[in-house]
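Heads up, the thing below is written out as structure tokens.
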Amino acid sequence: MRTKASLIIILFCFVSLKAQTVKDSSFVFQAEQNPIITYKYTADPAAFVEDDVLWLFTGHDYEGGQKGYKMKDWLVFSTKDMKTWKEHPVPLKITDFKWATSGDAYAGHVMERNGKYYWYISTNWTGIGVAVADRPEGPYKDALGKPLLTNEDCFASTHSWTCIDPAIFIDEDDQAWIFWGNGVCYYAKLKDNMIEIDGEIKKIDFEGFEFTEAPWVHKKDGMYYLTYATGFPEKIAYAMAEDIEGPYEYKGILNEIAGNSNTNHQAIVDFNNDWYFIYHNGGIQTDGSSYSRSVCIEKMKYNPDGTIRPIKMTTKGIYEGE
Ligand code: FUB
């Protein structure tokens, strides 16, 4: 009897210690200006809102002074007011995808469906994978043990880094779509299970479409918006359509070249009745660069006709007036 009681006490201590460790490895900070995170380098933002929480998922650049992308894991942050942020323990690493021999943790996108969270990631030249978790903060596990998409699916491309930058959109009819690509913007339907492509892979094309990478699809008042990186160094452009498959109409540049960074990679999200444009620049002084990037946030406003007003990148960002 005494042995059983001691065992229960030991077990209880072990569980509390574990909970404490998990709790302690979260980190709470206040954002006051752009970049919003200054204690590490963050890139390629993706975000969604669940209940009253905005979840921000990012890539993770190595420290300043790099000569190329060095990214080995992905990060997750949450906030209820855009001021106090919590960084959760590292939820996903490139080594969690055994098949990803490139070792590169490129841009990703997380989407909730039926109480599960799916993290679509790119790996530079070894394809796009998908990991699944029971909570937005993870931990995430490779859902397939192989890529969801590879260069072979990118039928109109020949370069090795074409199969990157997945972006997911679930429409009002519950159909999930995946957009991705570098140089060519591909798209396909996802099956309900979110881990299989459903049907044909197609590509987007329209007049004035110069697509570099980083597609992002959102919908407002019945219109589909496709934002994407154009040129190099990149600006973010956008196009609008009445149907998710187009035809899309080019609407112009939304964000100019982001300070000190060749890439700009946007996420767009509606939170507490405000639209936010989340992107990265190389703005951390003095070591920020194209390879040591930092996430920034600005408000995004629409014109009465549904077009979007160009983003103004500022140091104070959404913290103007505080
Ligand atoms: O972070 C690596 C790559 O740079 C991403 O996949 C692109 O979108 C660009 O931001």
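The values are calculated or read from the model by the stated rules, or taken from the named source; none is laboratory data. No experiment lies behind these values; they were computed from the predicted model shown. Every residue, glycine among them, receives a Cβ derived from its backbone with ideal geometry; neighbour counts consider all protein chains shown.
Looking only at region 207-230, which residues are surrounded by 14 or more Cβ atoms within 10 Å (Cβ to Cβ) and more than 18 Å from Asp305 (Cβ to Cβ)?
Passing the criteria: Phe209, Phe211, Thr212, Glu213, Ala214, Pro215, Trp216, Val217, Tyr228, Ala229, Thr230.
Being of a type in the set (Ser, Thr, Tyr), more than 16 Å from Asn193 (Cα to Cα) and buried (at least 23 other Cβ atoms within 10 Å of the Cβ) is the filter here; which residues of region 88-128 pass it?
The answer is Tyr106, Ser122, Thr123.
Among residues belonging to region 275-322 that are of a type in the set (S, T, N, Q) and under 23 Å from Gln30 (Cβ atoms), point out the one that is surrounded by the most Cβ atoms within 10 Å (Cβ to Cβ).
The selected residue is Ser294.
Being under 17 Å from Val295 (Cα atoms) and surrounded by fewer than 22 Cβ atoms within 10 Å (Cβ to Cβ) is the requirement here; does Asn262 meet it?
For Asn262, the condition - under 17 Å from Val295 (Cα atoms) and surrounded by fewer than 22 Cβ atoms within 10 Å (Cβ to Cβ) - is met.
Assuming Glu249 fulfils every condition listed in (1) closer than 29 Å to Ala188 by Cα; (2) within 15 Å of the ligand (Cβ to nearest atom) apart from one, which condition is it?
Only one criterion is unmet by Glu249, namely (2).
For region 129-142, give me each residue that is part of a strand (DSSP E or B), in contact with a Pro (Cβ under 7 Å, 6 or more places away or on another chain) and either basic (Lys, Arg) or surrounded by 24 or more Cβ atoms within 10 Å (Cβ to Cβ) (or both).
Within region 129-142, just Gly129 meets the criteria.
Confirm whether Thr286 is of a type in the set (S, T, N, Q), under 22 Å from Thr230 (Cα atoms) and more than 16 Å from the ligand (Cβ to nearest atom).
Against the criterion (of a type in the set (S, T, N, Q), under 22 Å from Thr230 (Cα atoms) and more than 16 Å from the ligand (Cβ to nearest atom)), Thr286 does not qualify.
Report every pair of residues separated by at least 6 positions or lying on different chains whose Cβ atoms are under 7 Å apart, first residue within region 255-280 and assigned to a strand (DSSP E or B), second among the acidic types (Asp, Glu).
Phe277/Glu298; His280/Asp44
Sort through Trp177, Trp216 and tell me the only one that's in contact (Cβ under 8 Å) with a residue 24 or more places away in the chain and over 27 Å from Asn281 (Cβ atoms).
Trp177
Yes/no matrix, rows are residues, columns are (1) within 28 Å of Asn260 (Cα to Cα); (2) among the aromatic types (Phe, Trp, Tyr); (3) in a strand (DSSP E or B); (4) within 14 Å of the ligand (Cβ to nearest atom):
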| position | (1), (2), (3), (4) |
| --- | --- |
| Gly59 | yes, no, yes, yes |
| Gly64 | yes, no, no, no |
| Gly68 | yes, no, no, yes |
| Phe77 | yes, yes, yes, no |
| Lys86 | yes, no, yes, no |
| Ala100 | no, no, no, yes |
| Gly103 | yes, no, no, yes |
| Gly108 | yes, no, yes, yes |
| Tyr120 | yes, yes, yes, yes |
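Looking only at region 56-65, decide whether some residue is closer than 23 Å to Leu144 by Cα, in contact with a strand residue (DSSP E or B) (Cβ under 8 Å, 6 or more places away or on another chain), aliphatic (A, V, I, L, M) and surrounded by 21 or more Cβ atoms within 10 Å (Cβ to Cβ).
No, there is no match, as no residue in region 56-65 is closer than 23 Å to Leu144 by Cα, in contact with a strand residue (DSSP E or B) (Cβ under 8 Å, 6 or more places away or on another chain), aliphatic (A, V, I, L, M) and surrounded by 21 or more Cβ atoms within 10 Å (Cβ to Cβ).
Which count do you get for residues in region 194-223 that are within 23 Å of Gln266 (Cα to Cα) and β-branched (Val, Ile, Thr)?
Residues that pass the stated criteria total 3.
Look through region 163-195, keep the residues that are touching a Leu at 6+ places or on another chain (Cβ under 7 Å) and assigned to a loop (DSSP other than H, G, I, E, B), and return whichever of them is nearest to the ligand (Cβ to nearest atom).
Step by step, filter region 163-195, then rank; the result is Cys163.
Any residue at all in region 210-223 that is under 18 Å from Ala167 (Cα atoms), at pLDDT 95 or above and basic (Lys, Arg)?
Yes: one or more hits.
Taking region 162-187, which residues are more than 20 Å from Phe57 (Cα to Cα) and surrounded by fewer than 19 Cβ atoms within 10 Å (Cβ to Cβ)?
Correct list: Asp171, Glu172, Asp173, Asp174, Gln175, Gly183, Val184.
Just name the residue that is farthest from Trp177 (Cα to Cα) out of those in region 212-260 that are small (Gly, Ala, Ser) and in contact with a Phe, Trp or Tyr (Cβ under 9 Å, 6 or more places away or on another chain).
Per the stated criteria, the residue is Ala258.
Could you list, in sequence order, all residues of region 95-122 that are among the charged types (D, E, K, R) and more than 12 Å from Ala47 (Cα to Cα)?
Asp96, Lys98, Asp104, Arg113, Lys116
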